[in-house]
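Engineer: Attaching a single structure in structure tokens format; questions to follow.
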Amino acid sequence: MGVGPHAYKEMPALELDRVCRDFVTPAGRTYRAIEDISLAVEAGAFVAIVGPSGCGKSTLLNVAAGLLPPSSGRVRVDGVDLVGLNRRATYMFQQDALLPWKTVRDNVALGLTLAGVARAESHARADAWLARVGLTAFTAHYPAQLSGGMRKRVTMAQNWIIDRGLMLMDEPFSALDVHTRQRMESELLALWDEATAELAENAENNHALRAQRAPRFKRTVLFVTHDLEEAIALADEVVVLSAGPASRIVARHPVTLDRPRDLMELRTTTAFVDLYRALWAVLREEVVKSQRHA
Amino acid sequence: MRKNGEKSEVGSLKSADRSDFRLQASRFRRASVVAWQILVGVVALALWQGLVSLKLLDPFFVSRPSDIARRIATWIASGTLWPHLIVTLEESLLGLVVGAALGIALGFVFARSPMVARVFDPYIKMLNAIPRVVLAPLFLLWFGLGIWSKVALAVTLVFFVMFFSTYQGVRDASQVLIDNVRMLGATERQLVRHVLVPSALTWIFSSLHTSLGFAMVGAVVGEYLGSTRGLGYVISQAEGTFDTTGVFAGMTILGVVVVIVSAAVTRLERWLLRWKRDER
Ligand SMILES: Nc1ncnc2c1ncn2[C@@H]1O[C@H](COP(=O)(O)OP(=O)(O)O)[C@@H](O)[C@H]1O
Ligand SMILES: [Mg+2]
């Protein structure tokens, strides 16, 4: 499982091909949320999606996760047509998704438990992740006993403990205060930079490939945010969606800032500010449009 | 440095004080509730006793608390109460377990397969509408005078409560939780175990008190209508001889047993739903 040998070929980790998605409104009419979205995310890329509220960002991620079938168009994961759930992806939902009846530790260990990992090991690994998100003191708490930001951090640990090639994230940091947020962003970039253990294993079986590509492998991230600054600070490419209905891609902009990035300082550099100006000009128009509709 | 340390110590003392105070306050509140409960009971009994003593009520029709207490004491002392009580408890418990098992299982099936739910919906409603007293003679005919006719009656009452609350609980499970657990790799069975069952448990437990009361009603009504043992039998025997004291004594024992068992269920529920305690 995980990423598999596909990642070694020149093949997008995720490919949306003219994807549309319709909903039926309560009034019985058809509402087209996203229209004709074609987007290829290269393996190892960090792509951020921005757009006005309600334009269809979550819908797009749901389609990529295999939770919503597209009304038309196709989804390919590592070159293979997606049928059912996307087993190569983790998905951090915009809403609270922790199980309220499990402790923080059991929530984080859940992915391992489901995969049949022994309790002692899954707990040890969960504790290590909880330390990484700064929640060691809360392992025995229930989600209802945590603040909203803490719950988000638990969700992160819950997702990151299972190692999959593609990470779908829906506004994961919007509920956090500025400082926690910056810390979690750095943590995300660090995680993304790491080579996966699984991939190293795959490479064992193919020495030629190991020499060529394995060390450069990164996880692939599709990151939804309403915060343009965050999008630029983290991503290799920023995709701007238009205001709904029938939201389309209105701009794709590469972010060429050097890595590793220092998130504390980045936002004041001229390169960053220039990028921000260029993208904001596009996004602003869509935000204004969406507000006019509402 | 030292100053800081002192400061935080004072701070923690203060908060400890406050939580201590809160604990005391809640303990005080609980004690005052119990005091009021006792007071209400004592006043009601005294009023009853007084009205009978003043000849405003006829003891032939309503007996009197002192007689009822004496009767219960005799039953306990002579040991005649226990066999009846044990039979009633046995029937109630069996009815509760069987009814809950059937109700929960079927509730799950219905919630997970909309087609089944739609097809059987009118039949479930029809069955639920049958007055149970009508069924009792039938059950006597089918299952005999022993405990099983009473268990069957209890089952028909418990089943529907459990069925509807399980159905509701499973249907009520949050879609985001389901999606999240599926993305984390859950199979259909794991989804049931980690999301649907715990979600339904909240509903199932909140209906456990009702089910328990129903189980006892089923057992006692069954005994009342035809048996040779149990509290229902005791009450019907007393009624047959116009022994109102015996009837009230039987009802009192029934009431006390329900209160005690209910308290135990509350304990169990609080432990099983402990993750909910701090939710507002
Ligand atoms: N299940 C659904 N049924 C009907 N309409 C939906 C559904 N999900 C989303 N929509 C509509 O699709 C549009 C896009 O929603 P969403 O993807 O959640 O937006 P975003 O995440 O960008 O804020 C909204 O207008 C929303 O009302
Ligand atoms: Mg959204």
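The values are calculated or read from the model by the stated rules, or taken from the named source; none is laboratory data. None of the values given here were measured: they were computed from a predicted structure. A quick note on method: Cβ atoms are made from the backbone with ideal geometry, for glycine too, and the neighbour counts reach across all protein chains shown. Each accessible area value is taken on the protein alone, full model and side chains, heavy atoms only, with ligands, DNA and RNA left out. Shrake-Rupley method; radii C 1.70, N 1.55, O 1.52, S 1.80 Å.
Engineer: Applying the selection to segment B:133-142, what residues are over 24 Å from the mean Cα position of the chain (by Cα) and exposed (fewer than 12 other Cβ atoms within 10 Å of the Cβ)?
Structural biologist: Residues satisfying the conditions are B:141, B:142.
Engineer: Using the structure shown, decide if residue B:274 is free of Cβ contacts under 8 Å to residues at least 40 places away in the same chain and assigned by TED's automatic domain parsing to the domain that holds residue B:65.
Structural biologist: yes
Engineer: Let me ask something additional. Looking at segment B:193-211, which of its residues are more than 9 Å from chain A (Cβ to nearest Cβ) and surrounded by 17 or more Cβ atoms within 10 Å (Cβ to Cβ)?
Structural biologist: B:196, B:197, B:200, B:203, B:204, B:205, B:207, B:208, B:211
Engineer: Quick test of your reading of the structure: residue A:287 fulfils all but one of (1) in a helix (DSSP H, G or I); (2) away from ligand 2 (no atom under 16 Å from the Cβ); (3) among the β-branched types (Val, Ile, Thr). Name the failing condition by number.
Structural biologist: (2)
Engineer: Go through segment B:231-280 and give me each residue that's within 14 Å of another protein chain (Cβ to nearest Cβ), open to solvent by less than 60 Å² (accessible area, probe 1.4 Å), among the hydrophobic types (A, V, I, L, M, F, W, C) and within 18 Å of the chain's Cα centre (by Cα).
Structural biologist: Residues satisfying the conditions are B:272, B:273.
Engineer: For segment A:50-64, state whether one or more residues are more than 10 Å from ligand 1 (Cβ to nearest atom), surrounded by 24 or more Cβ atoms within 10 Å (Cβ to Cβ) and at pLDDT 95 or above.
Structural biologist: Yes, some residue in segment A:50-64 is more than 10 Å from ligand 1 (Cβ to nearest atom), surrounded by 24 or more Cβ atoms within 10 Å (Cβ to Cβ) and at pLDDT 95 or above.
Let's see how each residue does on (1) touching an Asp or Glu at 6+ places or on another chain (Cβ under 9 Å); (2) within 30 Å of residue A:253 (Cβ to Cβ):
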site	(1), (2)
A:41	yes, yes
A:46	yes, yes
A:62	yes, yes
A:66	no, yes
A:72	yes, yes
A:75	yes, yes
A:88	yes, yes
A:95	yes, yes
A:114	no, no
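Engineer: Among the residues of segment B:142-162, are any farther than 28 Å from residue B:265 by Cα and assigned to a helix (DSSP H, G or I)?
Structural biologist: Yes.
Engineer: Right, something else. Go through A:239, A:221, A:250 for me and flag whichever is among the hydrophobic types (A, V, I, L, M, F, W, C), away from chain B (no Cβ under 14 Å) and within 16 Å of ligand 2 (Cβ to nearest atom).
Structural biologist: Exactly one of A:239, A:221, A:250 is among the hydrophobic types (A, V, I, L, M, F, W, C), away from chain B (no Cβ under 14 Å) and within 16 Å of ligand 2 (Cβ to nearest atom), namely A:239.
Engineer: Would you mind listing the strands (runs of 3 or more DSSP E) fully within segment A:24-130 where at least 2 residues are in contact with a Leu (Cβ under 8 Å, 6 or more places away or on another chain) and within 16 Å of residue B:185 (Cα to Cα)?
Structural biologist: It comes to A:89-92.
Engineer: Could you list, in sequence order, all residues of segment A:65-83 that are more than 11 Å from every other protein chain (Cβ to nearest Cβ), within 16 Å of the chain's Cα centre (by Cα) and modelled with pLDDT of 95 or more?
Structural biologist: Within segment A:65-83, no residue meets the criteria.
Engineer: Does segment A:132-171 hold any residues that are away from chain B (no Cβ under 13 Å) and in a loop (DSSP other than H, G, I, E, B), and which are they?
Structural biologist: A:133, A:134, A:135, A:139, A:165, A:171
Engineer: Taking the condition of being surrounded by fewer than 19 Cβ atoms within 10 Å (Cβ to Cβ) and either at positive phi or not hydroxyl-bearing (Ser, Thr, Tyr) (or both), how many residues in segment B:180-189 meet it?
Structural biologist: Qualifying residue count, segment B:180-189: 2.
Engineer: Here are A:107, A:86: which of them is away from ligand 2 (no atom under 16 Å from the Cβ), buried (at least 21 other Cβ atoms within 10 Å of the Cβ) and under 19 Å from the mean Cα position of the chain (by Cα)?
Structural biologist: Exactly one of A:107, A:86 is away from ligand 2 (no atom under 16 Å from the Cβ), buried (at least 21 other Cβ atoms within 10 Å of the Cβ) and under 19 Å from the mean Cα position of the chain (by Cα), namely A:86.
Engineer: Here is a follow-up. Residues in segment B:30-50: is at least one charged (D, E, K, R) and assigned to a helix (DSSP H, G or I)?
Structural biologist: The answer is yes, given that some residue of segment B:30-50 is charged (D, E, K, R) and assigned to a helix (DSSP H, G or I).
Engineer: Condition (residue is touching a residue at least 24 places away in the same chain (Cβ under 8 Å), buried (at least 16 other Cβ atoms within 10 Å of the Cβ) and within 21 Å of residue B:90 (Cα to Cα)) applied to segment B:120-132: is it met by at least one residue?
Structural biologist: yes
Engineer: Considering segment B:106-115 alone, what residues qualify as being of a type outside the set (Phe, Trp, Tyr) and open to solvent by less than 50 Å² (accessible area, probe 1.4 Å)?
Structural biologist: Across segment B:106-115, the qualifying residues are B:107, B:111, B:113.
Engineer: Sticking with this structure for a sec: Which is within 8 Å of chain B (Cβ to nearest Cβ), at negative phi and among the hydrophobic types (A, V, I, L, M, F, W, C), of A:129, A:101?
Structural biologist: Result of the check over A:129, A:101: A:101.
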